[in-house]
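Novice: Mind looking over this structure? Questions follow.
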Amino acid sequence: MTVKRMDNVLIVVDDLEAVKAFFLELGLALEGQTTVEGPDVGRLIGLGDVRATLAMLRTPDGQGIELDKFHTPDAVRFGPVDAPVNALGLRRIMFAVDGIDAVVARMQAHGAELIGQMQYGASYRLAYIRGPEGIIVGLAEQLG
């Protein structure tokens, strides 16, 4: 076995503060924030003249989401902000929650759009919400 664990998922954002506030409201914790730049960073990610602000967020069980705001070079958008769930590429992040109705209501009050909800048999209630910059978040509440 070569993989020990997943450390984090990267989301490149334009409005770092809005997206960070969204995930903090959802219940993630800010682990830290810093700015990175220079030739070593550029060589690592395959870009030149890199300067970016990174915010690392963690779920209560330690899973990470890294939010990056590129100052140079400018971030590039491919496709619409509100791309559907079946668009190619990374489309959503799913979190296990308790009290899904309260979580959805709280996130809607924070500006999230409800995409849809369903119950999967007697095991799960599910909801998809769209947050800032079109980020789709899945919520799953285990039943029973």
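Novice: Kindly list the number of the only condition in (1) outside the structural domain of G134 (by the TED database); (2) in contact with a strand residue (DSSP E or B) (Cβ under 6 Å, 6 or more places away or on another chain); (3) of a type in the set (D, E) that fails for E113.
Specialist: (1)
Novice: Here's another thing I want to ask about it. Under 21 Å from A140 (Cβ atoms), part of a strand (DSSP E or B) and open to solvent by 40 Å² or more (accessible area, probe 1.4 Å), is that true of M94? Before you say what the answer is, go through the steps one by one.
Specialist: Working: under 21 Å from A140 (Cβ atoms): yes; part of a strand (DSSP E or B): yes; open to solvent by 40 Å² or more (accessible area, probe 1.4 Å): yes.
Yes; evaluated as a whole, the condition is true for this residue.
Novice: Continuing with the same structure: Just for segment 53-77: of the residues that are under 16 Å from the mean Cα position of the chain (by Cα) and aliphatic (A, V, I, L, M), which one is nearest to D14 (Cα to Cα)?
Specialist: Looking at the filtered set, the residue picked out is L67.
Novice: Let me ask something else about it. For the condition in contact with a helix residue (DSSP H, G or I) (Cβ under 8 Å, 6 or more places away or on another chain) and either within 14 Å of G131 (Cβ to Cβ) or surrounded by 15 or more Cβ atoms within 10 Å (Cβ to Cβ) (or both), what is the one hit in D82, D49? Before you say what the answer is, go through the steps one by one.
Specialist: Numbers: D49 fails: either within 14 Å of G131 (Cβ to Cβ) or surrounded by 15 or more Cβ atoms within 10 Å (Cβ to Cβ) (or both).
Selected residue: D82, the only one of D82, D49 that is in contact with a helix residue (DSSP H, G or I) (Cβ under 8 Å, 6 or more places away or on another chain) and either within 14 Å of G131 (Cβ to Cβ) or surrounded by 15 or more Cβ atoms within 10 Å (Cβ to Cβ) (or both).
Novice: On to the next question. Mind checking which residues of segment 33-69 are closer than 30 Å to D98 by Cα, in a loop (DSSP other than H, G, I, E, B) and in contact with a strand residue (DSSP E or B) (Cβ under 8 Å, 6 or more places away or on another chain)? Steps first, answer last, please.
Specialist: Quick first cut of segment 33-69, residues closer than 30 Å to D98 by Cα only: 33, 54-68.
If we keep only those that are in a loop (DSSP other than H, G, I, E, B) too, we end up with 59-63.
T59, P60, Q63, listed by residue number.
Novice: Filter segment 52-70 down to residues that are open to solvent by 50 Å² or more (accessible area, probe 1.4 Å) and free of Cβ contacts under 8 Å to residues at least 24 places away in the same chain, then give me how many there are.
Specialist: Total meeting the criteria: 1.
Novice: How many residues does segment 97-144 contain that are among the charged types (D, E, K, R), open to solvent by less than 70 Å² (accessible area, probe 1.4 Å) and over 16 Å from the mean Cα position of the chain (by Cα)? Lay out the reasoning, then the answer.
Specialist: We begin by selecting, within segment 97-144, every residue among the charged types (D, E, K, R); these are 98, 101, 106, 113, 125, 130, 133, 141.
Going one step further and asking which of them are open to solvent by less than 70 Å² (accessible area, probe 1.4 Å), we end up with 125, 130, 133, 141.
Then keep just the ones that are over 16 Å from the mean Cα position of the chain (by Cα); that gives 125, 141.
Adding up the residues that qualify gives 2.
Novice: Okay, moving on. Would you call I65 touching a helix residue (DSSP H, G or I) at 6+ places or on another chain (Cβ under 7 Å), assigned by the TED database to the domain that holds A18 and of a type in the set (V, I, T)? Before the answer, list the steps.
Specialist: Working: touching a helix residue (DSSP H, G or I) at 6+ places or on another chain (Cβ under 7 Å): yes; assigned by the TED database to the domain that holds A18: yes; of a type in the set (V, I, T): yes.
Criteria met by I65.
Novice: Condition check: modelled with pLDDT of 95 or more and in a strand (DSSP E or B). Does L24 satisfy that? Full working, then the answer.
Specialist: Values: modelled with pLDDT of 95 or more: yes; in a strand (DSSP E or B): no.
In short, no.
The values are calculated or read from the model by the stated rules, or taken from the named source; none is laboratory data. Given the structure is predicted, the values throughout are model-derived calculations rather than measurements. Virtual Cβ from ideal backbone geometry, glycine too; neighbours counted across all protein chains shown. Surface accessibility is based on the protein's heavy atoms, side chains included, excluding ligands, DNA and RNA. Shrake-Rupley method; radii C 1.70, N 1.55, O 1.52, S 1.80 Å.
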